[in-house]
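A.B. asks: Below: one structure in structure tokens.
Taken together, the values in this text are just the output of simple stated rules run on the coordinates, not laboratory data. Since this is a predicted model, take the numbers as computed values, not measurements. Cβ placement follows ideal geometry from the backbone for every residue including glycine, while neighbour counts extend to all protein chains displayed.
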Amino acid sequence: MDRFTSRFLRRHALPALRRVRQTFFGALALGGAWSLGACGGAPSTSLQRSVATKSKGHAASAALTEVRLNAPRQVGHAHGRGPAAVGQAARLVVLGDSISAGAGASSAAMSYASLLHRNVDAFYPGHQGEDLVARFGPQLAFYNGAVIGETTDGILHRQLPRLRKHLFSGEQSALRGHTVVVLTAGGNNLRRELGPGGSLEGATFAAALQDLEEVFGFFNDPQRFPDGVTLYFSTIYDMTDGTDSAHLCISGLRFAGLSHALQQWKLGYLALADNFNRILAAGEGAQLQRPTLRVVPIDAHRSFLGHGFNYAVDANDHHDRSDPTLWLSEQDCIHPNNRGHHELRRAFYRAITGRRP
């Protein structure tokens, strides 16, 4: 990372993001009633005014305090600055937990990451040509470093060092061509807290957000990634369809407070992406190094509602009458089945290419 970007992140961006976490948890303590305006679109008037006067630290702070979390969001829709779609890419990098490692799929080829890279035409003939090899060419490099059971801390401290070694072996210090990164993370952080005395929010949530900040920072490096990176990361879906229970998978299976916690994690993830993009935009407007990273959240939490273990319950608020199907594995009650992996692939593909598969 060059010294100008490093200095900006150290002095302004990371402290501002930490203030966002403090504000977020303060709002939760008051009942979760924080609704700070409309998200997305042009930067706020105060941000524009702050950048115009080159008050760098205040610009970032103003941008953060005006992010709103009550605007409707579509799966694969980009929030904040600029479009989400990528015009061309040289490589696809997959990081994260068991979902990105393919757990729940009937084979490795049927995992969302593999389908995103190259469609299985024999199984999905209607989606032939709707993959990133077809979109960007057969020269597209593919790396999957996801690990079953991985937490956000493990992504930061284990997967990124392995990725660095893979991408920058020998004397190579810069990658030519745009890099697309897809990421699923946070589910195992939550899983560790499901037992008695666990905390589904609070410190666990704060630590996950900080880990993700640092993962984002790794890719915002114009010396290593001079042609830029677009990182797409998924919110965590709710296998209980907002009910805290998954009786259809295991009789009596219930997770008190899980649905509320997942909603808060979703809001935190979306805010983190918005704020990170706005801070980088503020740094660019303040004539610091042009950011090389764009962060795009994919709202799997929203798209999977109605397709968890209450998918067949007509009275459920999220029941999908037009498509009452289960997208999760009945073998472990957690991971996507083939249909779930297919739907994740569709969401990432739509965001990356701007095309609806």
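A.B. asks: Rounded to the nearest 0.05, what FRET efficiency do Asp317 and Leu253 have when you use their Cβ-Cβ distance and R0 = 22 Å?
C.D. replies: Once the sixth-power term is evaluated, E becomes 0.65.
A.B. asks: Highest mean first, what order results for 273-282, 200-209, 168-177 on Cβ atoms within 10 Å?
C.D. replies: Per-residue mean Cβ counts within 10 Å order the peptides as 273-282, 200-209, 168-177.
A.B. asks: Which of the peptides 103-110, 115-122 is most tightly packed, and how do the rest follow, judged by the mean count of other Cβ atoms within 10 Å per residue?
C.D. replies: Highest-to-lowest ranking by the protection proxy: 115-122, 103-110.
A.B. asks: State, in angstrom, two size descriptors of the range 158-300 derived from its alpha carbons: Rg to one decimal place and Dmax to the nearest whole number.
C.D. replies: 18.1, 59
A.B. asks: Next question, about the same structure. Could you list Tyr143, Tyr237 so that the one with the fewest beta carbons within 10 Å of its beta carbon is first and the one with the most is last?
C.D. replies: Least crowded to most crowded, the residues run Tyr143, Tyr237.
A.B. asks: Separate question: Out of Gln172, Leu156, Asn277, whose Cα points farthest toward the positive end of the dipole of the range 151-281 (charges: +1 Lys, Arg; -1 Asp, Glu; placed on Cβ)?
C.D. replies: Towards the positive end, the residue furthest out is Gln172.
A.B. asks: Can I ask one more? Over all directions, what mean area does the Cα convex hull of the range 125-186 project, stated in square nanometres?
C.D. replies: 6.0
A.B. asks: Only Lys, Arg, Asp and Glu count, each charged at its Cβ (+1, +1, -1, -1), so figure out the dipole size of the range 84-155 about its Cα centre, rounded to 20 debye.
C.D. replies: It works out to roughly 220 debye.
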